[in-house]
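Taking it in order: structure first as structure tokens, then the write-up.
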Amino acid sequence: MRRDAVEPRREGGAAIALKVLVVGSGGREHALVYALRRSPQRPELLCAPGNAGIAADARLLEIAADDTDRLVAAARDEAVELVVVGPEVPLVAGLVDALSAAGVRAFGPTQAAAELEGSKEFAKQAMAAAGVPTAAWSRARSVAEGLQAISSYPAVLKADGLAAGKGVVIAADETEARATLEALLVEHRFATETVLVEEHLEGEELSLLALCDGERALAMAPARDYKRIFDGDRGPNTGGMGSYSPVQGLDANAISEIIATVHQPIVDHMRERGTPFHGVLYGGLMLTADGPRVIEFNVRFGDPETQALLPRLRSDLLEALLRTTSPGGLAGYELAWSPRWSVTLVLASAGYPERPSLGETISGLDRVSPGVEVTHAGTARRDREIVTSGGRVLGVTALGEDPAGARSSAYAAAQMIDFAGKQLRTDIAAGAS
């Protein structure tokens with residue numbers, strides 16, 4: 001660890017473990033906890049609020065992820081040296097600002113920089129200013145305005161604000177477009193007053209995350225995720241039903257070109273605005289015949305991409321996160337990745353994404369091979385049982401020498417786990433080679 005990053009606390013001459021608080025309760029946060037546990041710095045890990053699975057790997061604090069005042073107080077009381085903010089809601093609400101004001105180091109963007117995810121319209125304007133390629137778009141604040149903006153179908157309709165990955169509809173025709181616009185602008189689903197109407201891009205999707213220190217964007221490994229609930233990309237959008245990494249056909253030069261075209265211009269633009277971007281800049285991209293186009297930006301680790309990426313990371317995640325807020329930042333730093341493939345499957349509750357069934361007993365967790373990483377997302381403890389408590393319940397991640405081997409191990413492990421109404425896609429990474 002850099003000497004200017006965090007000076008180890010000492011007691012009687014002996015170094016005390018650096019204390020890290022992870023904020024959040026999902027599979028992404030469990031994956032972060034797992035990766036931080038692998039750090040050679042052996043940090044003491046806390047998580048707020050966590051879940052039934054994270055409880056086995058970190059000390060839980062019963063504080064909601066959006067309870068800014070209590071999180072700041074707990075970080076100070078616990079002498080936390082780094083807070084890693086997982087979900088987008090506390091970032092957009094300004095948790096990092098509040099922590100910084102209290103003298104607590106935090107990994108993640110400020111409220112102003114988090115607008116890249118908090119408002120899709122803001123992100124589009126930032127892309128235009130930075131010269132970042134994206135889909136053509138227009139803004140609509142009424143059903144009539146939205147329908148008039150659509151020049152052809154399918155058309156992409158997006159709620160402007162946060163929607164947990166579910167605020168995007170690809171409308172096949174006018175009937176679906178009208179119903180979507182009415183749900184968003186009349187019924188105010190997701191509490192939005194603005195809808196973005198975008199051209200429908202064709203190609204292969206790509207998730208490329210970059211660590212940012214306010215000046216530089218450092219690429220992580222590429223990943224691909226699956227948003228629709230059913231096989232063959234059918235059904236409604238979800239928060240993500242699976243992921244894999246790496247992505248075939250993307251070598252180091254291709255990744256560097258995307259970073260230079262997409263991520264670095266945004267980092268430069270945000271710095272020039274006086275709102276430098278620190279944390280993770282997640283580019284959701286479409287690889288079109290005309291080159292990569294940005295579908296959306298997120299300002300935090302993706303879920304479930306994080307579950308697929310971090311088991312492949314050979315570098316010390318803690319050091320990388322600390323560098324993003326340290327003098328000198330990420331200059332001269334590189335991340336090392338395993339050449340092995342990783343496949344993550346999401347096990348979801350019955351009724352997800354509309355009305356997930358809660359309280360179902362989960363069995364078989366003890367039968368999963370130790371070589372497979374199971375991350376808890378929507379789980380809780382009831383007496384001596386682990387039960388479902390959310391839509392996406394568990395993530396199952398396996399590594400392999402090739403995608404077929406990783407898929408085989410992941411699906412074998414997923415079949416060991418059971419709960420009433422379990423949903424999972426059977427085609428995750430089926431086309432990878």
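Could you please state how large a percent of the accessible area of the stretch 188-237 is carbon and sulfur, counting protein chains only and using a 1.4 Å probe?
Details: 920 of 2140 Å².
With neighbouring chains kept in place, the figure for the stretch 188-237 is 43 percent.
Looking at the square roots a ≥ b ≥ c of the eigenvalues of the Cα gyration tensor of the stretch 213-280, which shape do they give, rounded for a/c under 1.5, prolate if a/b is larger than b/c, or oblate? Judged from the Cα gyration tensor, the stretch 213-280 comes out oblate (a/c at least 1.5, b/c at or above a/b). Between residue 69 and residue 100, full extension at 0.36 nm per residue minus the direct alpha carbon distance yields a gain of 9.9 nm.
Per residue, the stretch 290-411 exposes 39 Å² of accessible surface when a 1.4 Å probe is rolled over the protein heavy atoms with every protein chain present. From the Kirkwood radius over Cα pairs of the stretch 143-202, Stokes-Einstein at 25 °C and 0.890 mPa s returns a whole-number translational diffusion coefficient of 219 µm²/s. The calculated Kirkwood hydrodynamic radius for the stretch 213-328 is 15.5 Å, given to one decimal from all distinct C-alpha pairs. Give the Kirkwood hydrodynamic radius (Å, one decimal) of the stretch 265-319, defined as one over the mean of 1/r across all pairs of different Cα atoms. With all distinct Cα pairs of the stretch 265-319 included, I get 13.4 Å. Sequence-ordered 3J(HN,Hα) estimates for the stretch 267-284 from the Karplus curve with 6.51, -1.76 and 1.60 and θ = phi - 60° stand at 4, 5, 4, 5, 5, 5, 6, x, 10, x, 9, 10, x, 10, 9, 9, x, x Hz, glycine and proline given as x. Only lysine pairs 8 or more places apart, or on different chains, with alpha-carbon atoms under 27 angstrom apart are counted in the chain, and they number 11. Hey, quick one: spin label on residue 164, modelled 7 Å out along Cα-Cβ, who in the stretch 48-87 has an amide N within reach, i.e. under 17 Å? Zone members listed by number: 49-52, 64-67, 86-87. Coupling constants for the stretch 320-325 follow from the phi torsions by the Karplus curve (6.51 cos²θ - 1.76 cosθ + 1.60, θ = phi - 60°), and in residue order they are 4, 5, 5, 5, 5, 10 Hz; glycine and proline get x. With each label modelled as a point 7 angstrom along the Cα→C-beta vector, the residue 418-residue 121 pair spans 5.1 nm. Taking the inverse of the mean 1/r over every pair of distinct Cα atoms in the stretch 327-433 gives a Kirkwood hydrodynamic radius of 15.1 Å.
Between residue 350 and residue 78, the contour length at 0.36 nm per residue exceeds the Cα-Cα span by 94.0 nm. Using a probe of 1.4 angstrom and keeping all protein chains present, the accessible surface of the stretch 83-205 works out to 42 square angstrom per residue. For the stretch 306-390, the average shadow cast by the Cα convex hull is 8.4 nm², which is a quarter of the hull's surface.
Largest first and in whole Å, the equivalent-ellipsoid semi-axes of the chain read 32, 27, 22, each the square root of five times a Cα gyration tensor eigenvalue. Shown for the stretch 83-178 is the translational diffusion coefficient from the Stokes-Einstein equation, using the Kirkwood radius over Cα pairs, a temperature of 20 °C and a viscosity of 1.002 mPa s: 140 µm²/s.
Evaluating 6.51 cos²θ - 1.76 cosθ + 1.60 at θ = phi - 60° for every residue in the stretch 171-180, the Karplus couplings come out as 7, 7, 7, 5, 4, 5, 5, 4, 4, 5 Hz, glycine and proline recorded as x.
Would you mind telling me the share, in percent, of accessible area of the stretch 26-96 contributed by carbon and sulfur at probe 1.4 angstrom? Don't jump to the answer; show the numbers that get you there.
On the way: 1240 of 2660 Å².
Taking all protein chains in place, the stretch 26-96 shows 46 percent carbon and sulfur surface.
The values are calculated or read from the model by the stated rules, or taken from the named source; none is laboratory data. Small disclaimer: the values here were computed from a predicted structure and weren't measured. For neighbour counting, all protein chains shown are included, and Cβ atoms are generated from backbone atoms with ideal geometry for every residue, glycine included. Keep in mind that these areas ignore ligands, DNA and RNA; they rest on the heavy atoms of the full protein, side chains included. Shrake-Rupley method; radii C 1.70, N 1.55, O 1.52, S 1.80 Å.
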